[in-house]
Amino acid sequence: MAAAANSVSRAGDVHFRRAVNEDVKALTRLINAAFRVEQVAFDGDRVNAEGVQKYITTGTFLLAEDATGVLGCVYIEARGERSYLGLLSVEPTRQGSGLGRNLMAVAEDLARCAGSRVMDLRVISPRAERLLPFYLRLGYRETGTRPFAADLASKVPAHYILMSKPLA
């Protein structure tokens, strides 16, 4: 699994690697910048440094970077034969460049190497119009919906759309 994410190079000079504790500040900034579009449903930042640190201890953040710094990330949590993918984030100026697609491919390889046969993710319904076509093109299919946790206050009526993809 480590080899699948430590020195992969795609899309020119972009390299992919696992995040380490020293990446928390850059990850927090990147995720909050990429998730500003969710402010249609939620107020405030998507994550804080403590939350990012916790994610690093429960799963793997895969980073995409070049000589200028961190350009994108995605979180993967192995859960036996299934893995969970979340927080796909691309620097706003690089969105639409294929970097998100490349991050997804490397994340799926990482999950396969960990023994996962399925990748699961969720999308918030207010972003479905933009995000569902992206994930559908990558082979994900809708598997259901789930309400937000009771303590998560949304400014508009919203829920999670669950999606999965076989990795075999």
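Could you check segment 42-135 for strands (runs of 3 or more DSSP E) lying wholly inside it with 2 or more residues that are among the charged types (D, E, K, R), open to solvent by 20 Å² or more (accessible area, probe 1.4 Å) and within 24 Å of residue 161 (Cβ to Cβ)?
Hits in segment 42-135: 69-79, 118-124.
Among the listed residues 70, 74, 90, identify the single one that is β-branched (Val, Ile, Thr) and either farther than 20 Å from residue 138 by Cα or over 12 Å from the mean Cα position of the chain (by Cα) (or both).
Being β-branched (Val, Ile, Thr) and either farther than 20 Å from residue 138 by Cα or over 12 Å from the mean Cα position of the chain (by Cα) (or both) holds for just one of 70, 74, 90, which is 70.
Going residue by residue through segment 21-35, is there one that turns out to be touching a strand residue (DSSP E or B) at 6+ places or on another chain (Cβ under 6 Å), in a loop (DSSP other than H, G, I, E, B) and open to solvent by less than 70 Å² (accessible area, probe 1.4 Å)?
No, the conditions are met nowhere in segment 21-35.
Identify, by number, the condition in (1) in contact (Cβ under 8 Å) with a residue 24 or more places away in the chain; (2) within 14 Å of the chain's Cα centre (by Cα) that residue 160 doesn't meet.
(2)
Got a number for residues in segment 136-151 being surrounded by fewer than 11 Cβ atoms within 10 Å (Cβ to Cβ) and aliphatic (A, V, I, L, M)?
The number of residues fulfilling the criteria is 2.
Give the residues of segment 78-96 that are of a type in the set (Ser, Thr, Tyr) and free of Cβ contacts under 8 Å to residues at least 24 places away in the same chain, sorted by residue number.
Hit for segment 78-96 is 93, nothing else.
Mind listing whichever residues of segment 112-157 are within 13 Å of residue 42 (Cα to Cα), hydroxyl-bearing (Ser, Thr, Tyr) and under 18 Å from the mean Cα position of the chain (by Cα)?
Hit for segment 112-157 is 125, nothing else.
State the number of residues belonging to segment 152-168 that are at pLDDT below 95 and crowded, with 18+ Cβ neighbours inside 10 Å.
1
Just checking, how many residues over segment 39-58 are closer than 21 Å to residue 158 by Cβ and of a type in the set (Val, Ile, Thr)?
Total satisfying the criteria: 2.
Between a residue in segment 52-77 that is under 13 Å from residue 94 (Cβ atoms) and any residue that is among the hydroxyl-bearing types (Ser, Thr, Tyr), which pairs come within a Cβ distance under 8 Å, given they are 6 or more apart or on different chains?
Matching pairs, first to second residue: 72/89; 73/89.
The values are calculated or read from the model by the stated rules, or taken from the named source; none is laboratory data. In this text, all values refer to a predicted model and were calculated from it rather than measured experimentally. As a convention, Cβ positions derive from the backbone with ideal geometry for all residues, glycine included, and neighbour counts pool all protein chains shown. Note: accessible area is taken over every heavy atom of the protein model, side chains too, but ligands, DNA and RNA are not part of it. Shrake-Rupley method; radii C 1.70, N 1.55, O 1.52, S 1.80 Å.
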